[in-house]
1. Say the dipole of region 59-138 comes from +1 at the beta carbon of Lys and Arg and -1 at that of Asp and Glu; which of GLN62, PRO93, THR118 then lies farthest toward its positive end?
2. Nearest 20 debye, what's the magnitude of the dipole of region 59-142 about its Cα centre given +1 on Lys and Arg Cβ and -1 on Asp and Glu Cβ?
3. What do you get for chymotrypsin sites (Phe, Trp or Tyr not before Pro) in region 95-142 restricted to DSSP loop and a cutoff of at most 16 other Cβ within 10 Å of the site's Cβ?
4. Counting other beta carbons within 10 Å of each Cβ, put ASP101, ASP77 in order, fewest first.
Amino acid sequence: MSGLDLSPERESLMNTRSFSPCTSSWRAGSCLFALMLAVLSLPVPASSQGSAGSAASQAAQQYVRVKRGANMHKGPDTQPEVLFMLPGGIVLPVVERVGRDGVWIAVRITPEVRKRATRMRWRNEERGYVHLSTVEFVKAES
């Protein structure tokens, strides 16, 4: 007698192969995932990375000018800490508009900001947020 005592019904169930829809779905899903991973890992053709693409992105770049003076916050709200006190007239490149109704504008912290604005926190942030009421949209300066 073996160490495992099975009744005849259980032994016949273990010897038969049953179909499980979960197994076939899982295989199809894993194949689809592998295919998507392979497609996403392909290199981008050089023709789509040309100067036309960079010129288009430069043309689409928006800028804002601080009206009188404004605080640049770490997050899109008045509660996050103030990174810089910005002087009036400084021009900032826009990263994106965020918040309800786009009232907060994410801007890139440029070398001009680091030079002209009053630094409130010694952090190496790359972006900050200003409120829409403190800035006006302007064309790119050449």
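Throughout, read-outs are computed from the coordinates displayed, never taken from laboratory work. Values in this document were obtained by computation on a predicted structure and should not be read as measured data. Heads up, the Cβs are rebuilt from the backbone with ideal geometry, glycines too, and the neighbour counts pull from every protein chain shown.
1. Of the candidates, THR118 comes out farthest on the positive side.
2. Dipole about the Cα centre, nearest 20: 240 debye.
3. On the way: sites: TRP104, TRP122, TYR129, PHE137; in loops: TRP122.
When the chymotrypsin sites (Phe, Trp or Tyr not before Pro) of region 95-142 are filtered for loop state and at most 16 Cβ neighbours within 10 Å, TRP122 remain.
4. Fewest-to-most ranking of ASP101, ASP77: ASP101, ASP77.
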